[in-house]
1. Exactly one of these conditions fails for residue A:539: (1) more than 13 Å from chain B (Cβ to nearest Cβ); (2) in contact with a Lys or Arg (Cβ under 9 Å, 6 or more places away or on another chain). Give me its number.
2. Do we find a residue being touching a helix residue (DSSP H, G or I) at 6+ places or on another chain (Cβ under 7 Å), more than 13 Å from every other protein chain (Cβ to nearest Cβ) and in contact (Cβ under 8 Å) with a residue 60 or more places away in the chain anywhere in the stretch A:586-594?
3. In this structure, does residue A:227 turn out to be in contact (Cβ under 8 Å) with a residue 24 or more places away in the chain and either more than 30 Å from residue A:45 (Cα to Cα) or assigned to a loop (DSSP other than H, G, I, E, B) (or both)?
4. Just checking, does the stretch A:596-614 include any residue being surrounded by 13 or more Cβ atoms within 10 Å (Cβ to Cβ), touching a strand residue (DSSP E or B) at 6+ places or on another chain (Cβ under 9 Å), more than 17 Å from residue A:674 (Cα to Cα) and among the charged types (D, E, K, R)?
5. Sort out which residues of the stretch A:23-38 are over 16 Å from residue A:216 (Cα atoms) and either at pLDDT 85 or above or touching a helix residue (DSSP H, G or I) at 6+ places or on another chain (Cβ under 8 Å) (or both), and write them in order of number.
6. Condition check: assigned to a helix (DSSP H, G or I), away from every other protein chain (no Cβ under 13 Å), open to solvent by 40 Å² or more (accessible area, probe 1.4 Å) and modelled with pLDDT of 90 or more. Does residue A:515 satisfy that?
7. Could you go through the stretch A:101-120 and let me know if any residue there is open to solvent by 30 Å² or more (accessible area, probe 1.4 Å), modelled with pLDDT under 75, at negative phi and touching a Phe, Trp or Tyr at 6+ places or on another chain (Cβ under 6 Å).
8. Given B:112, B:105, which one is among the aromatic types (Phe, Trp, Tyr), open to solvent by 60 Å² or more (accessible area, probe 1.4 Å) and more than 12 Å from every other protein chain (Cβ to nearest Cβ)?
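The values are calculated or read from the model by the stated rules, or taken from the named source; none is laboratory data. As the structure is a computational prediction, the values presented were derived from the model and not from experiment. Using ideal geometry, Cβ is built from the backbone for each residue, glycine included, and neighbour counts are taken over all protein chains shown. Ligands, DNA and RNA are excluded from the accessible area calculation, which covers all protein heavy atoms including side chains. Shrake-Rupley method; radii C 1.70, N 1.55, O 1.52, S 1.80 Å.
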Amino acid sequence: MTPSIIDLTNCEREPIHILGHIQSYGYLIAIQPDTYAIVHASDNIVDLTGIEAAQLLGQPISKLLTGTDLPGSTLIEILNVVGRNESWESMNPHRLHLNGKYWNLIIHYYKGLILLEWEPIGNDQNLSINQQLIAQALSEVQSSRTLDELLQNTARRVKSIIGYDRVMVYRFGPDWHGKVVAEEKDDDLEPFLGLHYPATDIPRQARELYKVNLVRMIADAGSVPSRILSKPGWPENQPLDLTHSVLRAVSPVHIEYLKNMGVQASMSISLLYRGELWGLISCHNTSPRFVDFPARQAAKFVSQLLSASLEFRKDKEDQTNLLQYQQTGQQLHEQLLLSDDVVRALTKLPITALHVTGATGAALLFNNKVYRLGATPDENAIRALGDWVGATGTESFLETNQLPNLYPPAETFRAVGAGLLTIVLSRELNEYLFWFKPERIEQVTWAGNPDKPVTVEDDGTRRLSPRKSFAAWTEIVHNTSEPWSEAEISVVVKLREDILQIVTKQANEIRLLNQRLQLAYEELDAFSYTVSHDLRTPLSSIRCYTEILVEEYGADLTPDAQALLQKVIDSTDRMRQLIRHILYYSRMGRSELDTQPIDMRQLLDGIREEIMVTTKDRLLHFDIGETPAIKADPTMALQLFTNLLSNAAKYTQLTTEAVVRIKGVQTDGEVIYSIEDNGIGFDMKQAGKIFDLFKRLENARAFDGSGVGLAIVKRIVNRHQGKIWFHSEPNQGTTFFVSFPVIPAT
Amino acid sequence: MIDVLYVEDNPNDADIFGRLIRKLNRSITYTVFSSGSEALDYLREQGRYEQQKTTLPKLLLLDLNLDGLSGLDVLEQTRAFARTRYLPIVAFSTSDNPKDIKSAYEAGINAYVVKPGSYQATGAVLEKMCDFWLENNTRIDYK
């Protein structure tokens, strides 16, 4: 059958554990554990026992050996012993002499059946050699300094044990593609060291079997496999499961693969790391070669030793990294706690966020600002990356070693950021911490083109087949970085918690401060009210009674007493004015803004009239020019211009002909009013104090005033997001400028 | 007949008011109530004044900042009562806070006068007030 659509999952779907055949160098029967009745037998069993497989099916095991020189009871005894101990594999291999030849019997129990497999025995001498090799391998594992050295030495040991032409250590990548990382071979063979193989070369179900059955041998790729026969009706549609079989036949696809490589015999030994397939020791021989069970066991032992060592080494390496990253993370945490400033703690001190991973660049996007450390994409790219991460819906962290494949714009900065690890500080505020790893431009030498697994046969049918050519095919692996380790991820995830804790703490502190501010405002309200009423009332009484004294008893008082009473009256006056101004000042800070367009001509004319009424007998001239409208709170605008114009009037008192010029200019973004007088002016050196509450300039002492008026003006300008500035020279007059934004803040 | 009914809980202010009225020398009659509730009792002929025929003043001069019932409360309850709905009431307050002024008008005050804080100025204001409210103002009287 030719599937209409061919893809590599065909290969994945092949049920290689129930192929229904065994390799023909051995023999298989399967029996029921309670009755020892035969339910499966390999077709070639006749070669071993002289009895056709079909005649054995359904028969008791004693029937099996009737054609041989070995009593059937021997086999039964063996089964009884191993069955009693429930350790079917403890006696493997059991050596049997049968019709003048020695055989290894290998027994295992799986899925309700006992499988018996016979295979030839090798050279007895091997056994002691193997034990020596194992001992050497053990010391090797202890002494090899680097992983490469260890793998290379292991390859050499395995080659000595099994005697194949070529022994390779093949390591799986995270995407299950494989790379030859060590090789021991005969000199005449072409080296495969460094070659990469696509993941499809070893399909998923094969990898699963490698995890269960650690040693796998194909003694002769060219031999014809022997079919497994089943007792009629046993069990319906259920072929024998050969998962643990040592003789299991090889998938035709794999046989073709081997033939293409010129390989006649192969053996693989699994290398596991934490129960997962880490790699394989893959052995090839150009001619058929059988390796007997004890030698395979020795090789398996060496591989287990290596697996254990891998775990130990990798764990140690991970531990060292994790410990180092954790220490750095801890230091960052302390910095965060001490400085209470996330940006400073993460980017400005000797230990930075860059140090918690193996990244070569890090960037913090916080408070709408970008802070970069090491080699990173530019600021715009980082902002765009933040937008993208936000759009991915990432809740806490995101990790990739192929950023450009997820996020195409990253291709422009792959040299610094092909790998990205990011933690989300706030999606709402677009705040992230990023780590970058550069592109690992890797000269990968593929064993064949991984993109072309389908071949077209001469007859035009398409079929899946292993590649015909093993000429090295090179691909530059772009857009990929070193992967992020678990240690790196765990440390940044912890760091995220630390940062969020600080951010939350600060948010809470601000909330508390706000609550306290609210309280303070309420108290200030109450205080203002007290000032406005309760303080002013007794003050009025003092004032009124003093006036009554002067009025009703003035005649009886000496001139000195009269003058003293007048001082009381003046002081109450001054105090009343102060109280009123403080009230205005606080009112200007808190009351709601009711912003609206203001007719400035009307406002200024009104103020002029008021001032003119109170400044009789003076030559005071107000020159009002252009009056573009401003947008402001009417009460506050009135207060502001009243203060500025009264000041101008006040500080021109000594001028014989006082002129105050007021005009407005409208620009694109603002309206600027200038109020120019020809009064006493002031020294610009004192200008810094002019808007301070209660601060008065030296040359203003002779004039009435509380030092609150300009503070009120400043407050009003601030409330409207405006600006105020001035120019003055002593005795040359002063010009104040106030600007209001065209679109006022609400 | 009573000309001015003044609600004022500060005895000094009441005293100064008395002095100034006497100084005007126009035989103006007045009564000072030192609490809002007493004033209300009087105006609505209740409590102490139940079963009595009280005389409505030509002007109710109302301090707004009172202990107990506030000036605003007195104002609202006076307006809610048929007999005194149209009684001329002038607020006489220390506060020049626009908010206070606005709420007084919203509650139905007829005029709002900020206490000047000086004897002479208060005298001048009172003189004008008496002139206007006692001489020129036309009232609706409910008997």
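1. Answer for residue A:539: the failing condition is (1).
2. Within the stretch A:586-594 (the criterion being touching a helix residue (DSSP H, G or I) at 6+ places or on another chain (Cβ under 7 Å), more than 13 Å from every other protein chain (Cβ to nearest Cβ) and in contact (Cβ under 8 Å) with a residue 60 or more places away in the chain), the answer is yes, since at least one residue qualifies.
3. The answer is no for residue A:227.
4. no
5. Hits for the stretch A:23-38 are A:27, A:28, A:29, A:30, A:31, A:33, A:36, A:37, A:38.
6. no
7. No, the conditions are met nowhere in the stretch A:101-120.
8. Numbers: B:112 fails: open to solvent by 60 Å² or more (accessible area, probe 1.4 Å).
Just a single option satisfies the conditions, and that option is B:105.
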